[in-house]
1. Using unit Cβ charges (K, R positive; D, E negative) and no other charged atoms, how large, in debye to the nearest 20, is the dipole of the chain about its Cα centre?
2. In this model, which of Lys17/Lys56; Lys22/Lys75; Lys17/Lys75; Lys43/Lys73 are farther than 27 Å apart at the alpha-carbon?
3. Taking every DSSP beta bridge with both residues inside the chain, roughly what % is antiparallel (nearest 5)?
4. Multiplying the sequence separation of Thr39 and Ile23 by 0.36 nm and subtracting their Cα-Cα distance, what value in nm do you get?
5. With a 1.4 Å probe and all protein chains in place, put Thr53, Thr39 in order of accessible area, largest first.
6. Could you derive backbone 3J(HN,Hα) for the stretch 15-32 from the dihedral phi with the Karplus parameters 6.51, -1.76 and 1.60 (θ = phi - 60°), listing whole Hz in sequence and x where the residue is Gly or Pro?
7. Evaluate the distance, in nm, between pseudo-label points positioned 7 Å from the Cα of Leu49 and of Lys75 along their respective Cα→Cβ axes.
8. Of all chymotrypsin sites (Phe, Trp or Tyr not before Pro) in the chain, which ones are in loop regions per DSSP and have a Cβ with at most 16 other Cβ atoms within 10 Å?
Amino acid sequence: MCDHNGIKGYTGIYFIKAVTEKIGKFDSKAFAEAAHGITVSPKDEPNILMEATWDKNGDIDRESFLGEVVDGKQKIVEVLPKLGVK
């Protein structure tokens, strides 16, 4: 089973794909400009697992999950919303 680090790597790859396709070329400066403030959602990029927004500093904002161990098994007890920080 994949942990949160694997999911971050997976999300990062499809984030790069979505931004690169949006700008239509490989250009690091254009990439940085397009990446800050972008939201990528599964409806636009089917391989992205959940909607995520990268703020003006490049930090990711997405839903999070609160889990606990019940009878030796992981259980998600709450889905925490995106922070919505701009």
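The values are calculated or read from the model by the stated rules, or taken from the named source; none is laboratory data. This is a predicted model, so every value here is computed, not measured. Backbone-built Cβ (ideal geometry, glycine too); neighbour counts: all protein chains shown. These accessible areas exclude ligands, DNA and RNA; they are computed on the full protein's heavy atoms, side chains included. Shrake-Rupley method; radii C 1.70, N 1.55, O 1.52, S 1.80 Å.
1. Roughly 220 debye for the chain.
2. Pairs exceeding 27 Å: Lys22/Lys75; Lys17/Lys75; Lys43/Lys73.
3. Of all bridge pairs located within the chain, approximately 100 percent are antiparallel.
4. My answer for the length gained is 4.3 nm.
5. Thr39, Thr53
6. Here the 3J(HN,Hα) series is 5, 4, 4, 4, 5, 4, 5, 5, 7, x, 6, 9, 8, 4, 5, 5, 4, 4 Hz.
7. Output for this residue pair reads 2.2 nm.
8. Loop-located and lightly packed - Phe26.
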